[in-house]
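J.: The following block contains the structure, expressed as structure tokens.
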Amino acid sequence: MMAVTMVGCSSTKESDKSTTDTATKEKVKLVFARGKDSTGASTKLVDAFKKSHPDIDVELREMPSDSNQSHDQYVTMFSAKSAEIDVFDLDVIWPAEFAQAGYLLPLDRFIQQDSIKTDDYIKGAYTAGSFNGQQWTMPKFIDTGLLFYRTDLVKEVPKTWDDLIKVAKATKGQGGTQFGYLMQAKQYEGIVCNFVEFAASYGGKIVDDKGQVVINNPGTIKGLSKMIEVAKSDFVPSNITTFTEQESHTAFLEGQAPMIRNWPYQYAMAQDPKQSKIVDKIGVAPLPAGDAGSAATLGGWLAGINKNSKHPKEAWEFLKFMTGKEGQKITAIDGGSAPTYLPEYDDADVQKASPLFANKDFVNGISKAVPRPTSPQYSKISEVIQIEVSKAIAGQETAEQAVQAMETKMKEIVK
């Protein structure tokens, strides 16, 4: 006790003390894993953190752009209690599964000790990381499906899916384009997002508030039928079932289509002259409506700490920086991703980065996006949707048959 008191009363200057500490303290190395980042924002974020935390080194590890592949690699690592990754990004649909499996470190004590103002975050994004009364992640950025279009080719923005079909047919081939519309239809999580949007826009639901499977309803069937119509049309690429975000945004940036369904990051990429041929020709709108209105899937990414990390305190410092004011500003400006930290929407630089971020309707609308089912069994539910929707697009079964098959398999999973 005496030694502690003496240190506390020492006349050593704080600057001298910190210099000595830095010199003698061994540098801690963290590994941060995330999916493929075409924007370069992750590198800038890591560099900014290392500048303000010289005693912590962060290595960036790139995971596959396909979130299913990333998910499976994480599960393999974490189930073996691997400590090779300290901090990692999670799709908004993973926390319940990863928390129940024991892969994540609970964050409540860190949040409390640093007095993090959780009300400053978009509620849906923050609560996506809650499970069994504990907080397992911090929200990094929030996504919602949007319609991006070429302002030089699309003169009247489609309000409904039927409008979109007409516009896509009419504009295909104009201005050097090859297609009329781009989407994500590969058998992976992206096809689930597109399916949820089509189904919800026609009043369809997958599960109810009690977690009961209610997918077999007229709205879901009608929505899937419309999705099949679009995916099998002659105005999308003939290999649309191989398209993830990567393939679709690349084709759009190269000027191959007048319209695309994608996440908010698309805008910043389209305005970057280093990679885009359509700079200053980009417009944004809500996704087209079905009988029940427009619907967009709640997406985005959270970040958490590996339960087996050997450096939990330093991992928290990086996680706090990445999901706090400075980190989210970098992610918004350089990555084009919508912040979950609400004060950032008042930042002039953030507003300048995208007209979306200056739009109050966009900020309010993001919180109302249609969520995917929150369940520890979500990956299995998603797999069922991916398989059956892919079969329907391939013409192996009708929309009715696909929905019936999904109902049967999902009920087996959640019972």
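Laboratory data are not the source of any read-out in this text; all were calculated from the coordinates shown. Fair warning: this is a prediction, and the values are worked out from it, not measured in the lab. Neighbour counts are summed over all protein chains in view; Cβ atoms, including those assigned to glycine, are modelled from backbone coordinates with ideal geometry.
J.: For a quick check of your reading of the filter: which trypsin sites (Lys or Arg not before Pro) in the range 25-109 sit in a DSSP loop and have no more than 13 other Cβ atoms within 10 Å?
T.: For trypsin sites (Lys or Arg not before Pro) across the range 25-109 that sit outside H, G, I, E and B with at most 13 neighbouring Cβ atoms in 10 Å, the list reads LYS25, LYS27, LYS81.
J.: Now, a different point. Quick one: putting +1 on the C-beta of Lys and Arg, -1 on the C-beta of Asp and Glu, what dipole do you get for the chain around its Cα centre, in Debye to the nearest 20?
T.: Around 200 debye, computed over the chain.
J.: Skipping prolines and chain starts, which residues have an amide H placed within reach, meaning under 5 Å, of the one on ALA303, given they are 5 or more residues away or on another chain?
T.: Residues meeting the amide H criterion: LEU90, MET138, LYS140.
J.: Once the cut-off is 14 Å, how many percent of the Cα-Cα pairs in the range 89-159 end up in the long-distance tail?
T.: 66 percent
J.: Related question: Restricting to the chain, compute how many DSSP beta bridges are antiparallel as a %, nearest 5.
T.: Among the beta bridges of the chain, antiparallel pairing accounts for roughly 70 percent.
J.: Could you work out [θ]222 nm for the chain from helices alone, using -39500 (n - 2.57) per DSSP H run of at least four and dividing by all its residues? Round to the nearest 500 deg cm²/dmol.
T.: Taken over the chain, the calculation gives -12500 deg cm²/dmol.
J.: Shifting gears a bit: Let's see if you can work this out: charge +1 on each Lys and Arg Cβ, -1 on each Asp and Glu Cβ, no other charges. What is the dipole magnitude of the range 171-229 about its Cα centre, in debye to the nearest 20?
T.: Value, rounded to 20: 160 debye.
J.: Per residue of the range 385-392, in order, report the coupling 6.51 cos²θ - 1.76 cosθ + 1.60 (Karplus, θ = phi - 60°) as ³J(HN,Hα) in whole Hz, putting x for Gly and Pro.
T.: Using θ = phi - 60°, the values come out as 4, 4, 5, 6, 5, 4, 4, 5 Hz.
J.: Long-range amide H contacts for PHE131: which residues qualify at under 5 Å (H placed 1.01 Å from N, peptide plane, sequence gap of 5 or more or a different chain)?
T.: Under 5 Å from the amide H of PHE131: TRP136.
J.: Please report how far the C-alpha centroid of the range 33-101 lies from that of the range 156-207, rounded to the nearest whole angstrom.
T.: Here the answer is 30 Å between Cα centres.
J.: Tell me, which longest segment in the chain has none of the GluC sites (Glu not before Pro) that fall in DSSP loops with at most 10 further Cβ atoms within 10 Å?
T.: With GluC sites (Glu not before Pro) excluded where exposed in loops, the chain gives 157-415 as its longest stretch.
J.: Go through LEU60, ILE85, ALA185 and say which Cα lies farthest out towards the positive end of the charge dipole of the chain; charges sit on Cβ, +1 for Lys and Arg, -1 for Asp and Glu.
T.: ALA185
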